[in-house]
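The values are calculated or read from the model by the stated rules, or taken from the named source; none is laboratory data. Just so it is clear, the structure is predicted and the values come from calculations on it, not from any experiment. So basically every Cβ, Gly included, is an ideal-geometry build from the backbone, and we count neighbours across all protein chains shown. Quick note on the areas: whole protein, heavy atoms, side chains included, nothing else; ligands and nucleic acids left out. Shrake-Rupley method; radii C 1.70, N 1.55, O 1.52, S 1.80 Å.
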Amino acid sequence: SPINLISGIQEAKTIFKGVAFTENTDKALLVMDIGGASTELVLGQKNNVHVANSLNIGCVTWLSHYFADGLLNEYNFNNAVNAAKQVISTVKTQYSNQQWELTLGASGTIQAVNEVNIAQKLADTLSYDLLQNIKQQCIACQSIEALNIVGLEDSRKPVFASGLAILIALFESFDIQSMQRSQGALREGLISMMFSGQ
């Protein structure tokens, strides 16, 4: 049987349903999922998706575009953040007239930031200040090869800086103060859709 490839928007909606299903909340949510080649941005409530976008920003593509020299400096970070913000700006207005109570992140980057925070006890929440603190720790290491931050697993090191830059761009674009990490993502979304017959 042929493999059914789901589109970015369909994936975004599925991720949202997975997160809403796992979180089991009535609150209006903005869900972000930073992948290797795309970032899904979905706003909705319960089983209703209000806005869904899949943007061509990913931690693997951004690594090859903006950290190709392997250096961790303000210049590379700024270029990566600004480029991501430019892509986000193409859909930003779709979210500006919507209200949401909770920003949730479901991705490896967000999990990695959370692990660093737990290990170092830097902040109570995944805040903008926390992201800036971790960015400065990256810059202090000077290169991806020399990246050594307490709480950061080796497997996460190659795409950590590029993912972090995208996350900072999302925070700045949507003026997010803090976000919560979600356990749920695509897998749970598919399971919940099977159960609810969506």
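Solvent-accessible surface of segment 1-139, taken per residue with a 1.4 Å probe and all protein chains present: 48 Å². In terms of its C-alpha gyration tensor, segment 64-115 has an oblate overall shape, because the principal axis ratio a/c (a ≥ b ≥ c, square roots of the eigenvalues) is not below 1.5 and a/b does not outweigh b/c.
Against the chain, whose longest principal axis comes from its Cα atoms, helix 74-89 is set at around 20 degrees.
Taking a Cβ cut-off of under 13 Å around PHE67, the surrounding Lys, Arg, Asp and Glu residues balance to a net charge of -1, with basic ones at +1 and acidic ones at -1.
Run the count for the chain, please: Lys pairs, Cα-Cα under 16 angstrom, 8 or more apart or on different chains. Count of close lysine pairs: 6.
Once you reduce segment 11-54 and segment 78-109 to the center of their Cα atoms, the two points are 13 Å from each other.
Highest mobility in the GNM of the chain, judged by mean-square fluctuation with C-alpha springs under 10 Å and restricted to SER127, SER173, SER96, is found for SER96. Please build a GNM for the chain, connecting alpha carbons under 10 Å apart, and tell me which residue among ASN56, ASN47, ASN97 fluctuates the most. Ranking ASN56, ASN47, ASN97 by mean-square fluctuation puts ASN97 first. Relative to the longest principal axis of the chain, what angle (0 to 90°, nearest 10) does the C-alpha long axis of helix 128-141 take? The two axes meet at around 40 degrees.
For the chain, the longest principal axis of the Cα atoms and the long axis of helix 160-173 meet at an angle of about 60 degrees.
Using a 1.4 Å probe over the heavy atoms of the protein chains, calculate the carbon and sulfur portion of the accessible area of segment 1-103 as a whole percent. Carbon and sulfur: 48 percent of the exposed surface of segment 1-103. Dividing the summed helix terms, -39500 (n - 2.57) for each DSSP H run of n ≥ 4, by the number of residues in the chain produces a 222 nm estimate of -15000 deg cm²/dmol to the nearest 500. Kirkwood radius and radius of gyration were both taken over the C-alpha atoms of the chain, and their ratio Rg/Rh is 0.97. Length gained on full extension, SER89 to ASN133, computed as 0.36 nm times the residue gap minus the Cα-Cα distance: 13.4 nm. In the elastic network of the chain, a GNM with C-alpha springs shorter than 10 Å, the most mobile of ILE168, ILE134, ILE88 is ILE134. Of the chymotrypsin sites (Phe, Trp or Tyr not before Pro) found in segment 17-122, no site is in coil according to DSSP while having at most 15 other Cβ atoms within 10 Å of its Cβ. Taking a ≥ b ≥ c as the square roots of the eigenvalues of the Cα gyration tensor, segment 4-60 is classed as prolate, since a/c reaches at least 1.5 and a/b is larger than b/c. Each Lys or Arg adds one and each Asp or Glu subtracts one; over the other residues with Cβ under 15 Å from the Cβ of LEU130, this totals -1.
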